[in-house]
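A.B. asks: Structure provided below as structure tokens; questions to follow.
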Amino acid sequence: MILIYELLKRLNADARKRHIPIIADDGARFLFSTVSEKKPLRILEVGTAIGYSGILMLTASPDAHLVTVEIDRERAEEAMENFHEAMVSSRVRLICDDANVVINCFTQPFDFIFLDGPKGQYRTMFPTLLKLLNKDGIIFMDDMDYQGWIEGDDYPEHKHRTIITSLRTLIKELKEDKNLSVTFYQRGEGIAIIEKRG
């Protein structure tokens, strides 16, 4: 276990140095504790990056299997190397493709879904991800604060406006959906945990 934590520490530092987007430290601790508590057996991750969060989740739930989707081939290859180093590759299915397409091909449900892909696509992906969620499952969504721009009515430069508008709309829809239990946490870059009611 010590070797895994050393690997995670190294991957974290390397990702920060290379400006590869991974979950913030506070969010990572929360992700680990949530997965550790729930012990899901089937995990779906949208946004593999270099495998940091995938290794984290598989460490928190030793019997889990992970399906993870990454569109960037170089990062996917690097992630697979890191999964091998962490000795969890036998529990990983890594798909290098567009998650918008891939998630529509799944037929088996998941116990835990970690969404950390393109923020502007969260809203379009969410209905499909919700259908893939087991009855007692959780969707764990990262980066819901989007650099602090989600609260209020202001906008930064134009290139971020579509993402911010989409996230604000998604949050409003989540809060209004009576079929969902939604909790927002001010941890990391903002986290939402979604569960089905009943």
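The values are calculated or read from the model by the stated rules, or taken from the named source; none is laboratory data. Just so you know, these numbers come straight off a predicted model, no measurement behind them. Methodologically, a virtual Cβ is constructed for each residue, glycine included, from the backbone with ideal geometry; neighbour enumeration extends over all protein chains shown. Please note that ligands, DNA and RNA were not included when accessible areas were found on the heavy atoms of the full protein model with its side chains. Shrake-Rupley method; radii C 1.70, N 1.55, O 1.52, S 1.80 Å.
A.B. asks: Relative contact order (percent) for region 95-142, with alpha-carbon contacts under 8 angstrom and 6 or more residues of separation?
C.D. replies: Rounded, it is 49 percent for region 95-142.
A.B. asks: Ok, one more. Give the range of the longest stretch in the chain that excludes all GluC sites (Glu not before Pro) found in loop regions by DSSP and having at most 11 other beta-carbon atoms within 10 Å.
C.D. replies: 1-150
A.B. asks: Also: Angle check, please: helix 122-131 long axis (alpha carbons) against the longest principal axis of the chain (alpha carbons), in degrees 0 to 90, nearest 10.
C.D. replies: Taking the Cα atoms of the chain, the angle to 122-131 is about 70 degrees.
A.B. asks: On the Cα set of region 1-114, report Rg and Dmax in Å, please.
C.D. replies: 13.1, 38
A.B. asks: Something else about it: Net charge around Phe83, counting only other residues with Cβ within less than 14 Å of its Cβ (Lys, Arg = +1; Asp, Glu = -1)?
C.D. replies: Value of the local net charge: -3.
A.B. asks: Apply the a/c threshold of 1.5 to the C-alpha gyration tensor of region 1-41 and tell me whether it is rounded, prolate or oblate. Working shown, then result.
C.D. replies: On the way: a/c = 2.75, a/b = 1.55, b/c = 1.78.
Because a/c hits 1.5 or more and a/b fails to exceed b/c, region 1-41 counts as oblate.
A.B. asks: With runs of 4+ DSSP H residues as the only contributors, calculate the mean residue ellipticity of the chain at 222 nm using -39,500 (n - 2.57) per run, divided by the residue total and rounded to the nearest 500.
C.D. replies: -13000 deg cm²/dmol
A.B. asks: Find the accessible area per residue for the chain; the probe is 1.4 Å, ligands and nucleic acids are left out, and the unit is Å².
C.D. replies: Per-residue value: 52 Å².
A.B. asks: What are the principal axis extents of the Cα atoms in the chain, in Å, biggest first?
C.D. replies: Extents along the principal axes, in whole Å: 45, 40, 29.
A.B. asks: Compute the long axis of helix 73-85 from its Cα atoms, compare it with the longest principal axis of the Cα atoms of the chain, and write down the angle in degrees, 0 to 90, nearest 10.
C.D. replies: The angle comes out near 50 degrees.
A.B. asks: Continuing with this model, one more query. May I ask for the net charge around Asp142, where only other residues with Cβ less than 13 Å from the Cβ of Asp142 are counted and Lys, Arg are +1 while Asp, Glu are -1?
C.D. replies: Net of charged neighbours comes to -4.
A.B. asks: Hey, what angle do you get for helix 25-38 against the long axis of the chain, alpha-carbon based, 0 to 90 degrees rounded to 10?
C.D. replies: Helix 25-38 sits roughly 80 degrees off the main axis of the chain.
A.B. asks: Another question about this same structure. Given Lys119/Lys178; Lys172/Lys196; Lys39/Lys119; Lys39/Lys172; Lys38/Lys196, which pairs have Cα atoms separated by over 19 Å? Don't skip to the answer; put the middle values down first.
C.D. replies: On the way: Lys119/Lys178 24 Å; Lys172/Lys196 17 Å; Lys39/Lys119 26 Å; Lys39/Lys172 29 Å; Lys38/Lys196 15 Å.
Lys119/Lys178; Lys39/Lys119; Lys39/Lys172, as the Cα separations exceed 19 Å there.
A.B. asks: Relative contact order (percent) for region 4-136, with alpha-carbon contacts under 8 angstrom and 6 or more residues of separation? Before the final figure, lay out the partial values.
C.D. replies: Values: 192 pairs, mean separation 32.5, N = 133.
So the answer I get is 24 percent.
A.B. asks: Let me ask something else about it. With a 1.4 Å probe and all protein chains left in place, how much of the accessible area of region 1-78 comes from carbon and sulfur atoms, in whole percent?
C.D. replies: Reported share for carbon and sulfur atoms: 56 percent.
A.B. asks: Can you tell me what the convex hull of the Cα atoms of region 6-69 projects to on average, as an area in nm²?
C.D. replies: 4.0 nm²
A.B. asks: With both bridge residues required to lie in region 1-147, what share of the DSSP beta bridges run antiparallel, to the nearest 5%?
C.D. replies: Of those bridges, close to 0 percent are antiparallel.
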